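Inspection log for the structure reproduced underneath, given as structure tokens.
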Amino acid sequence: MKKIGLALGGGGAKGFAHIPILEVFDELGIKPYCITGTSIGAILGALYASGRSAADIVAMIEELLVPHNNSFKDIIRNKDAFKFLELIDPHFSFKPKGLIKGEKFLGFLYEQLEVSTFKELKIPFKAVATDFWRRKQVVFDSGDLLPALRASMAIPYIFTPVVLDGCVLVDGGLVNNVPHDLLSPKCDVRIAVDIMGDHSTPIDKPPSPMEAIFHTYQVMMEAMAQEKRTCHPVDIYVRPPLMDVDTLDFHKADEIYRQGLATKDNFKRQLERILSQKMPRMAWLRGK
């Protein structure tokens, strides 16, 4: 069986578009040889590497989020509707280092993972974070899992950064948003999933302050992803046609998932075709 490497990109709420890709692996009855991930890609990657199926991850998300067609009265009546809000722990301070501490979400994630270290994962996994002051990539593949995930998702000023071993760590998207270059050289098939998406905003419209902050971040990540794709080619590069979805649009989970479905069938055909091809005799040279 060919060894498949899967890289899941960052993008906040857009990460729900990763789920159709994971569904394909479940439907084909195969598992990646290794997984790498950044930010939301690291969270979903870790869940999948822990043994959770795509259906398990969907059930977890449904437990947290309110269906978009619920009325305000329905939400008020349903105490469970506030479960996601209960995981938000504001950082109250005169000089906050981030708006949200993220500790409550980490506790919930620990319950879902049922593991606490990289070693316990069923699939080898790497998470990417950024050393803020040294301006360089930090790759986690051993030791405690939760601090690595917390660092990888720490969008500057939204989440409090993680201080670990003398380093201030923030979102890995600053340095490597789609980390397919970190997949094992032993992989025969490399797959990258880029969830950056697009916007229908007129190109002559001046951005709002919030749009300026987040879109500047995305411009940088887009440029890095294109350069990395040139220097580190992959066998399948998936870019779901996400439209008008922002990083913090977690309330659009169902819509994002449905937009992500647009790539599922084509990805499945591509993967099946590659897996059916005979292994070249000199394939081992790819790892050199």
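In the stretch 152-263, the DSSP beta bridges split such that about 40 percent are antiparallel, to the nearest 5. Centre-to-centre separation between the Cα atoms of the stretch 152-167 and those of the stretch 120-143: 12 Å. For the cross-link pairs Lys31/Lys186; Lys31/Lys136; Lys119/Lys264, the ones whose C-alpha atoms lie over 21 Å apart are Lys31/Lys136; Lys119/Lys264. Protein-only accessible surface at a 1.4 angstrom probe places the residues His215, His251 in the order His251, His215, largest first. Only Cα pairs under 8 Å and at least 6 apart count here; give the relative contact order of the stretch 134-288 as a rounded whole percent. It comes to 22 percent, rounded to a whole number.
Label the stretch 130-288 by shape, choosing from rounded, prolate and oblate, from the square roots a ≥ b ≥ c of the eigenvalues of the Cα gyration tensor; if a/c is under 1.5 it is rounded, and otherwise prolate applies when a/b is larger than b/c, oblate when it is not. Taking the square roots of the gyration eigenvalues as a ≥ b ≥ c, the stretch 130-288 is oblate. Grab the other residues whose beta carbon is less than 9 angstrom from that of Thr201, score K and R as +1, D and E as -1, and report the net. After counting each charged neighbour, the total is -1. For His199, the accessible surface of its heavy atoms amounts to roughly 80 Å² (probe 1.4 Å, protein chains only, rounded to the nearest 10). In the stretch 142-245, a dipole from Cβ-located charges (positive for Lys and Arg, negative for Asp and Glu) runs towards its positive end, and of Ser184, Tyr217, Val168 it is Ser184 whose Cα lies farthest in that direction.
The order of Glu272, Glu255, Glu227 by accessible area, most exposed first and with a 1.4 Å probe, is Glu227, Glu272, Glu255. Of the solvent-accessible surface of the stretch 159-288, computed with a 1.4 Å probe and all protein chains present, 58% belongs to carbon and sulfur. If the chain linking Thr230 and Asp181 were pulled fully straight, counting 0.36 nm for each residue of separation and taking away their Cα-Cα distance, it would gain 16.6 nm.
Sorted largest first by accessible area at a 1.4 angstrom probe radius, with every protein chain in place, the residues Cys187, Cys231 fall in the order Cys231, Cys187.
The values are calculated or read from the model by the stated rules, or taken from the named source; none is laboratory data. Just so it is clear, the model here is predicted, and its values are computed rather than measured. So basically every Cβ, Gly included, is an ideal-geometry build from the backbone, and we count neighbours across all protein chains shown. The accessibility values were calculated without ligands, DNA or RNA, using every heavy atom of the protein model including side chains. Shrake-Rupley method; radii C 1.70, N 1.55, O 1.52, S 1.80 Å.
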